[in-house]
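Remarks on the structure that follows.
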Amino acid sequence: MIGKRYWTRQAVTLLKFATLTKNPELAAVLIEKAADLKSQVDDANPPKDVSPRAPDVEPSP
């Protein structure tokens, strides 16, 4: 299975190519594709619940 690291590297590569090209239309397409990849990665890995939790409390005797 292809993981998050792979898709992140692909998006970074697209962004690097976008900064290197002299063609603004191509740069816009590459940036859009990188954004699509990032959103797919974000959708596939929802953030973990980091809300505070109550401590474990033992009932009093």
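Every read-out reported here was derived from the displayed coordinates using simple, explicitly stated rules and does not represent laboratory data. Since we're looking at a predicted model, the values are computed, not measured. Don't worry about glycine lacking a Cβ; one is built from the backbone with ideal geometry, like all the others, and counts go over all protein chains shown.
Scalar couplings 3J(HN,Hα) for the stretch 11-20, obtained by applying the Karplus form with A = 6.51, B = -1.76, C = 1.60 to θ = phi - 60°, are 5, 4, 4, 4, 5, 5, 4, 4, 6, 8 Hz; x denotes Gly and Pro. Note on Ala35 and Arg9: the model spin-label points, each 7 Å out from Cα along the C-beta direction, lie 2.6 nm apart.
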